[in-house]
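Read the structure below first, then the notes.
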Amino acid sequence: MTACPAPDGRPNWSNDVLTSNRLRPPTSSPTPSPTPTPARTTTAAATASPPNLPTPVPSVTATVTPPPSPTFTASPSPRPLYLPLALRERCLPDEQRLDIALVLDASTSMLERTAAGRTKLDAATEAARVLLDQLRLDKGDQAALIAFNADVTTLQTLTSVRADLDGALTRIAVAQLTRIDLGIQAAADELHGPRHVTSHFPVMVVLTDGRANPVPVDVAVANAAAAKAAGITVYTVGVGTDLDVEALRAMASSPAHVHLAPDAEQLADVYRAIAVALPCAGRYWPR
């Protein structure tokens, strides 16, 4: 490079420099390499927003719930149950009328003596009068008198006339054999006959001092069963010690309707007790 003198005497380098600059490519400073930026890995599944799809409806599975197992609870202790009944708790004798048939054993054994020395038949007729005394014949009660041995005799049909009943008690005639079945049947016929008042309570009192003869006692029991089924209350009275007590119980309406008198002298008390119970028999609570 030649310095050309400038007018002021200083060398002039400009042309050479310029020429030099024009002839030589410029020396460029190395450009620093840019720091590589780590490439981003794009995961579409990770970054992409899911499309707006309808929310799936969950499937409904029917669940069948089994019925609960039965629970067994111990039964409580039974308690009384009160039901209305067509019965009165207290008997009012004046309101209940009776139709009663007195059935007396008139077999020859009834002539045997009592402890007091009279015949059993005399003691039985006196007891019948005691019962008649307790009836309200003036209020409409009725009584009949029937005697049995080998046959049966209705000495007095149902009536409220006391004199007629007393007279019938004097006409009892004794004979052999003991047809209890005939006595019960005749009493049932009278208590269901035309003289019976339907509003009156039908009762028969059967007295015997022995066993059925000659007909088996089963016939008498059957006749009594038919009478009871027809609504008749049956009392049985046994006199003495030679008795078929089981048959007397079978014929009676209940064990309470059976009375035993080892001696005929006790019959008056037996008939008096029956007379007291009669207005309330079968239709009322016991007093």
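The values are calculated or read from the model by the stated rules, or taken from the named source; none is laboratory data. Being a predicted model, the structure only gives us computed values, none of them experimental. All Cβ positions, glycine included, derive from the backbone under ideal geometry; neighbour counts span all protein chains shown. Remember, those area values only see protein heavy atoms, side chains included, never the ligands or the DNA or RNA. Shrake-Rupley method; radii C 1.70, N 1.55, O 1.52, S 1.80 Å.
Got the relative contact order for the range 161-287 handy, in percent, Cα pairs under 8 Å and 6 or more residues apart? Relative CO of the range 161-287 lands at 21 percent.
Computed packing ranks the peptides 240-247, 97-104 as 97-104, 240-247, most packed first, by mean other Cβ atoms within 10 Å. Among the protein heavy atoms of the range 159-199, carbon and sulfur supply 52% of the accessible surface, probe 1.4 Å, non-protein parts ignored.
The distance from the alpha carbon centre of the range 118-190 to that of the range 214-277 is 15 Å, rounded to a whole number.
For the range 155-252, the direction-averaged projected area of the alpha-carbon convex hull comes to 6.6 nm². Its relative contact order, with pairs defined as Cα atoms under 8 Å and 6+ residues apart, puts the range 135-201 at 33 percent.
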